[in-house]
Amino acid sequence: MPWNPDLYHKFQSERSAPFYDLLALVEARANLEVVDLGCGTGELTRQLADRLPNSRVTGLDSSPQMLDKAASFTTPGLVFQPGDQSTLTGKWDLIFSNAALQWSENHAELIPYLFDKLNPGGQIAVQVPSNHNHISHQIYRETAEEDMFKFILQGFQRYSPVLTIDNYARILFDCGAERIVVFEKIYPHVLENADAVVDWLSGTALVPYFERLGNYKDEFVKSIREKMRAAMPDSPVFYPFRRILFSARKPR
């Protein structure tokens with residue numbers, strides 16, 4: 001998907017907050033083989049690497065635009081490379097992913113697949129947004145169902161593959177994981193107005209729609225803005241963003 005790093009970074013502080021909660025779940029050890037799935041523009045991967053002394057960290061992402069930005073954070077122990085997180089290969093002591101696995105389907109199969117790529121004693125630590133039932137997401141899906149956009153999109157809809165916390169806990173248990181931690185947390189963001197919420201979505205959830213809409217992208221966004229202004233008329237807007245974090249270890 002054609003990601004726009006500058007638009008994504010418009011809300012950098014808000015998007016970074018869950019990273020630090022996820023980082024707190026990581027057991028800091030030395031000499032690890034680490035992969036950051038969906039490393040994006042790399043600055044947070046650099047912070048992860050700085051916390052793990054003498055470790056070899058690989059930032060993996062499918063977006064050339066994001067990797068171009070990430071290149072400046074390369075160090076002798078930190079490299080960035082293109083790749084598909086859902087087909088990860090190799091063996092790792094830490095599989096880390098902050099706000100990226102929601103772009104891969106079928107988590108009931110994906111999580112066991114990734115867990116299998118851990119070395120004995122290895123850790124998986126993941127954060128995914130679980131805000132897909134918020135009114136803002138309902139509005140863009142409803143807009144995609146309008147006759148004109150449905151025709152242009154050829155009926156495309158992108159539904160989140162994110163599961164419930166109960167499901168993630170059960171999947172990890174069935175994998176034989178130890179030290180399972182799974183929780184959901186709301187991050188209270190205060191944005192300027194409804195337009196700012198649409199700008200937020202434009203940097204993430206709307207990207208798959210944009211690449212299919214071509215010249216009709218602006219009309220799509222305009223329609224969403226009008227609905228969002230009616231649904232969220234306050235200024236500033238309280239935008240409660242729900243996220244799931246989980247961590248587990250593979251037995252030695």
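The values are calculated or read from the model by the stated rules, or taken from the named source; none is laboratory data. Predicted model only: the values in this text are computed from it and were never measured. Glycine also receives a Cβ, built like all others from the backbone with ideal geometry; neighbour counts cover every protein chain displayed.
Looking at 48, 52, just one residue is hydrophobic (A, V, I, L, M, F, W, C), out of contact with any Lys or Arg (no Cβ under 8 Å at 6 or more places or on another chain) and either under 30 Å from residue 232 (Cβ atoms) or crowded, with 16+ Cβ neighbours inside 10 Å (or both), and that residue is 48. Each residue in segment 217-249 was checked for being in a helix (DSSP H, G or I) and basic (Lys, Arg), and 5 pass.
Yes/no matrix, rows are residues, columns are (1) in contact (Cβ under 8 Å) with a residue 60 or more places away in the chain; (2) closer than 30 Å to residue 119 by Cβ; (3) surrounded by 19 or more Cβ atoms within 10 Å (Cβ to Cβ); (4) out of contact with any strand residue (DSSP E or B) (no Cβ under 9 Å at 6 or more places or on another chain):
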{"position": "176", "(1), (2), (3), (4)": "yes, yes, no, yes"}
{"position": "186", "(1), (2), (3), (4)": "no, no, no, no"}
{"position": "201", "(1), (2), (3), (4)": "yes, no, yes, yes"}
{"position": "206", "(1), (2), (3), (4)": "yes, no, yes, yes"}
{"position": "213", "(1), (2), (3), (4)": "yes, no, yes, yes"}
{"position": "220", "(1), (2), (3), (4)": "yes, no, yes, yes"}
{"position": "231", "(1), (2), (3), (4)": "yes, no, no, yes"}
{"position": "234", "(1), (2), (3), (4)": "no, no, no, yes"}
{"position": "245", "(1), (2), (3), (4)": "yes, yes, yes, no"}
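Can you report the number of residues in segment 118-156 which are over 18 Å from the mean Cα position of the chain (by Cα) and either without any contact (Cβ under 8 Å) to a residue 60 or more places away in the chain or surrounded by fewer than 17 Cβ atoms within 10 Å (Cβ to Cβ) (or both)? Residues flagged as over 18 Å from the mean Cα position of the chain (by Cα) and either without any contact (Cβ under 8 Å) to a residue 60 or more places away in the chain or surrounded by fewer than 17 Cβ atoms within 10 Å (Cβ to Cβ) (or both) within segment 118-156 amount to 16.
Which members of segment 128-147 meet the condition of being under 30 Å from residue 88 (Cα atoms) and touching a Ser or Thr at 6+ places or on another chain (Cβ under 7 Å)? Hit for segment 128-147 is 132, nothing else.
Against the conditions (1) of a type in the set (Asp, Glu); (2) farther than 17 Å from residue 123 by Cβ; (3) touching a Lys or Arg at 6+ places or on another chain (Cβ under 7 Å), residue 84 satisfies every one except (3).
Test residue 170 against the stated conditions and say whether it is of a type in the set (Lys, Arg), crowded, with 16+ Cβ neighbours inside 10 Å and out of contact with any Pro (no Cβ under 9 Å at 6 or more places or on another chain). So residue 170 fails the test. Pairing each residue of segment 9-34 that is at pLDDT below 95 with any residue that is assigned to a helix (DSSP H, G or I) and not polar (S, T, N, Q), provided the two are 6+ apart or on different chains, yields C-beta distances under 7 Å for 10/199; 11/200; 16/44; 28/51. Set side by side, the residues 190, 197 differ, and just one is of a type outside the set (Phe, Trp, Tyr), over 25 Å from residue 38 (Cα atoms) and in contact (Cβ under 8 Å) with a residue 24 or more places away in the chain, which is 190. Of 130, 63, 97, all but one fail to be over 22 Å from residue 20 (Cα atoms) and of a type in the set (Gly, Ala, Ser); the exception is 63.
Regarding segment 93-102, can at least one residue be identified that is over 15 Å from the mean Cα position of the chain (by Cα) and either at pLDDT 95 or above or surrounded by 14 or more Cβ atoms within 10 Å (Cβ to Cβ) (or both)? Yes, the conditions are met somewhere in segment 93-102. For residue 192, the requirement of being farther than 22 Å from residue 128 by Cβ and either within 23 Å of the chain's Cα centre (by Cα) or loosely packed, with under 15 Cβ neighbours inside 10 Å (or both) is met. Please identify the pairs in which a residue from segment 71-85 that is over 20 Å from residue 30 (Cβ atoms) has its Cβ atom under 7 Å from the Cβ atom of a residue that is in a helix (DSSP H, G or I) and charged (D, E, K, R), counting only partners at least 6 apart or on another chain. Listed pairs, sorted by first residue: 73/43; 73/46. Considering segment 168-192, and only residues there that are assigned to a loop (DSSP other than H, G, I, E, B) and at pLDDT 95 or above, the residue that is nearest to residue 154 (Cα to Cα) turns out to be 175. Any chance segment 42-61 includes a residue that's among the basic types (Lys, Arg), assigned to a helix (DSSP H, G or I) and modelled with pLDDT of 95 or more? Among the residues of segment 42-61, at least one is among the basic types (Lys, Arg), assigned to a helix (DSSP H, G or I) and modelled with pLDDT of 95 or more, which makes the answer yes.
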